[in-house]
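Taking it in order: structure first as structure tokens, then the write-up.
Read-outs: derived from the displayed coordinates by stated rules, not from any lab. Computed from a predicted model, the values in this text were never measured in an experiment. Cβ placement follows ideal geometry from the backbone for every residue including glycine, while neighbour counts extend to all protein chains displayed.
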Amino acid sequence: MQITTHETRPIGGQKPGTSGLRKKTKVFMGPHYVENFVQSVFDAVGGIEGKTLVVGGDGRYFNAQAIQVILRMAAANGAAHCIVGREGLLSTPAASNLIRTRGADGGLILSASHNPGGPEEDFGIKYNTANGGPAPESVTAAIHARTEEITVYRIMEAQDIDLSALGETTLDRMTVEVVDPVTDYAALMEKLFDFDAIRRLFASGFTMRFDAMHAVTGPYAKTIIEGMLGAPEGSVVNAVPLPDFGGGHPDPNPVWAKELMDLMMGEDAPDLGAASDGDGDRNMIVGRGAYVTPSDSLAVLAANAHLAPGYADGLTGVARSMPTSRAADRVAQYLDIPAYETPTGWKFFGNLLDGGHATLCGEESAGTGSDHVREKDGLWAVLLWLNILAARGQSVADILTAHWSDYGRDYYSRHDYEGVDSAKARALMDDVRNHLDTLPGQSFAGLEVEAADDFAYTDPVDGSEATSQGLRVTFTNGARLVLRLSGTGTVGATLRVYLEQHEGDPAQQHRDPQEALADVIAAADALAGITERTGRDAPDVRT
Ligand code: G6P
Ligand code: ZN
């Protein structure tokens, strides 16, 4: 077998965003695109000679071809061992787990998460480090720098490796080990949760629907929920991963998982509804007639995690991204454990988890997870909810009601304005940023600003700094507004407006969130001129 050293030239725009490099699939399929990026990753991490890598993706269009390229390049760059999920499939949390349990040096995960897949849609590649987590900013910056100066990449001239059969083969001096994507992950879940209690719950007639959205969690959910936990067959739907996710957006929220939402709000709703995204790290939880916001989910999980064997000793701390509601902070305060507020992006939780400072982490963007891996984990969140439901013997709605009456309810919604002209979106943000210090004391649509800042974060473990992570405005009535531009879009800019309002009175805790948030929604528009500047009279998405 022959190693070829190809001359190449830098390709612009290979800058990893919130979660790896994400572009239109066609861009990735362009000449040398994958090769340049993958070689830049290998170079930026000091080469991969003798190293072990985990490789897998969410099965979207181009997943299989990209994996073959990565394997040939890994071999040509001297890697000793690549662990690959069968058919190239690995959910993001399962890849994180494999990196950790197998002591791998890192991994390449192929996914554009919840973005649609297909030749006209999105693709992505992300590098995870030896702790199993997304590469920190220092590493992604080094990768990006390398993409701007790359002159050669190395690749093996070889046939495709058969990824359909378990076991080991070799590619020159490198071993390729094809593993079942589910086995190790399922074993980890069985250690963390009381599977007997959940089995009894299902045996007693408890019903659920898990919507895998034609994405990677299908096989995981089938094996664990129907197989190991005994939920009736058919509890897991859309369970076969498809390259285009059946034409849908594999994003578990009320907008994209509408079918599930309709079921859960209807007469025939099962006890629990849940869904996960393209690569299996996001989750949606919905009870009969009761949608659980990701921010509330984190708070409820924090308050009840001790009911699961893996967390019986309690939590060391809780972390949330800045735009996530402050509901989890209230639980942390009650438990007398630290609450951390980090920038958006799971990578910012890495050091807190590694250092044992936080056990649970969560984001408003439907991500929840713990120190069991270094990624958010969709199915894990569903299983923790199942464990809690089994232990408490109450419905999702009753658990929420009890939680709100204990801690108050943080009404919460995110309004997204998608595909906004990038220059206009930046101008809007700049304008608010430039006026931040004049805001306190001023009123907007009747709400008085208490404090306003441009969120910056200093990592308590390694002292690294992240600045300009979103504009925060708090009001004297306890409301909060956050403005931020998305870091994961592939077209134009997405303006995210995060809105919340605490409500302590149990009699007022069952209102429609959009209505309960009407004042802060109006204040956001008055303060930032959203309607005027974007030319939109309503957001594209309300979560
Ligand atoms: C990805 C990351 C999350 C992050 C989310 C935010 O899913 O893994 O950690 O919260 O993106 O995306 P945004 O589009 O708001 O930058
Ligand atoms: Zn995802």
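Summary of values
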read-out	value
Local net charge near Met213, Cβ-Cβ under 9 Å (Lys/Arg +1, Asp/Glu -1)	-3
Lys, Arg +1 and Asp, Glu -1 on Cβ, resulting dipole of the chain about Cα centre, debye, nearest 20	620
Surrounding net charge for Ala274, when Lys and Arg each add one and Asp and Glu each subtract one, Cβ distance under 12 Å	-1
Distance from region 42-84 to region 330-386 (C-alpha centre basis), Å	29
DSSP bridge orientation in the chain - percent antiparallel, rounded to nearest 5	70
Sites His32 and Ala141, calculated FRET efficiency, Cβ-Cβ separation with R0 30 Å, nearest 0.05	0.85
Ranked by how many other beta carbons lie within 10 Å on average, peptides 86-97, 368-379 from highest	86-97, 368-379
Candidate lysines - alpha carbon under 26 Å from Lys424, same-chain residues fewer than 8 apart omitted	Lys15, Lys23, Lys24
Cut-off 19 Å, label 7 Å out along Cα→Cβ of Val69, residues of region 151-192 by amide N	151-163
Net +/- balance of residues flanking Ala451 in space, Cβ distance below 15 Å, scoring K and R +1, D and E -1	-3
Ranked packing of 389-402, 471-484, most packed first, by mean Cβ within 10 Å	471-484, 389-402
Projected label distance in nm at Met228 and Asn434, using a 7 Å step from Cα toward the beta-carbon	5.6
Counting DSSP beta bridges with both ends in region 185-407, the antiparallel % (nearest 5)	50
